[in-house]
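A short write-up of the structure that comes next.
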Amino acid sequence: NLIFKNEVKILPGTKFLIKPNKHIIFKKKVLAEGTKELPIIFKKNQNEDKPWGTVAIIGKNSKNSILKNIFFEGGSGGHLNQYKFLSMFSIHNTSDIQILNSKFSSNELFDDTIHIIYSNNILLQDIEIKNAYSDAIDIDISNDISLKNIKIQDSKNDGVDIMESNATVEKLVVINSKDKGDSICENSNLI
């Protein structure tokens, strides 16, 4: 596992080849700004069949993180110390996070591709998600979540699942979801 306790800057073109059940955790601000020509990639280690764990942005000290032009593929979820991660990419107990121009594909075993929980002022913009193992985006107990220009294809459960959260959604396209396109439940407000 990689656990970053200091601020991190990830350069365009960086590739993370992750072994099965291993996690990458950012506990401070992370600036991962790839380009269209040189995206930042998180995927399975070469010749591995089993999924890696999660990439997570955790805690109040990780606020103001930005991930741009990122490609995630073949992650899952898992356990690390007191945390149980239900997704390939997790935003947990933080605020003021931007995920921009990024693609997520083929998470395995655990529920969600992206999970946002106990967080505020999170922006997901220009995002593509394909082949979600269950929910593509799951938002729990969070406020001021903005989803803009999101395309979800072939999720095995909901496209977007929102519980006890406040969110704004603009230009959401969900294709071939096996359950609901957008599930709004348990004290949620959605515009």
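The values are calculated or read from the model by the stated rules, or taken from the named source; none is laboratory data. It should be emphasised that the depicted structure is a prediction, and the values quoted were computed from it without experimental measurement. Cβ placement follows ideal geometry from the backbone for every residue including glycine, while neighbour counts extend to all protein chains displayed. What goes into the accessible areas is simple: the full protein's heavy atoms, side chains included, and nothing from ligands, DNA or RNA. Shrake-Rupley method; radii C 1.70, N 1.55, O 1.52, S 1.80 Å.
Shown in residue order for region 43-56 are the 3J(HN,Hα) couplings computed by the Karplus curve 6.51 cos²θ - 1.76 cosθ + 1.60 at θ = phi - 60°: 8, 4, 4, 4, 6, 9, 8, 7, x, 7, x, 9, 10, 9 Hz (x for Gly and Pro). For region 45-191, the number of Lys pairs separated by eight or more positions or lying on different chains, with C-alpha atoms closer than 17 Å, is 20.
Counting only heavy atoms of protein chains, what accessible area per residue, in Å², does the chain have with a probe of 1.4 Å? All intermediate terms of the calculation are to be shown ahead of the outcome.
Details: 9210 Å² over 191 residues.
For the chain, the solvent-accessible area averages 48 Å² per residue.
Could you work out the relative contact order of the chain? I mean the mean sequence separation of Cα pairs under 8 Å and 6+ apart, divided by the number of residues, in percent.
Details: 642 pairs, mean separation 25.5, N = 191.
13 percent.
FRET efficiency for the Ile3 to Asn166 pair, using the beta carbon distance and R₀ = 30 Å, is estimated at 0.45. Would you mind classifying the chain by shape? Square roots of the alpha carbon gyration tensor eigenvalues, ordered a ≥ b ≥ c; an a/c under 1.5 is rounded, otherwise it is prolate if a/b is larger than b/c and oblate if not. Since a/c stays below 1.5, the shape of the chain is classed as rounded. The distance between label points at Gln82 and Asn64 comes to 2.6 nm (points 7 Å beyond Cα on the Cα→Cβ vector).
Working note: Cα atoms of region 1-80, range along each principal axis, descending, whole Å: 34, 33, 14. Applying 1/(1 + (r/R0)^6) with R0 = 25 Å to the Cβ-Cβ distance of Lys156 and Gln46, what FRET efficiency is obtained, to the nearest 0.05? Efficiency for this residue pair is about 0.40.
In a fully extended conformation the segment linking Ile191 and Leu38 would gain 51.6 nm over its present Cα-Cα distance, using 0.36 nm per residue.
For region 32-76 versus region 127-188, the inter-centroid distance based on Cα atoms is 19 Å.
Here the accessible area is traced with a 1.4 Å probe on the protein chains. For the chain, carbon and sulfur cover 44 percent of it.
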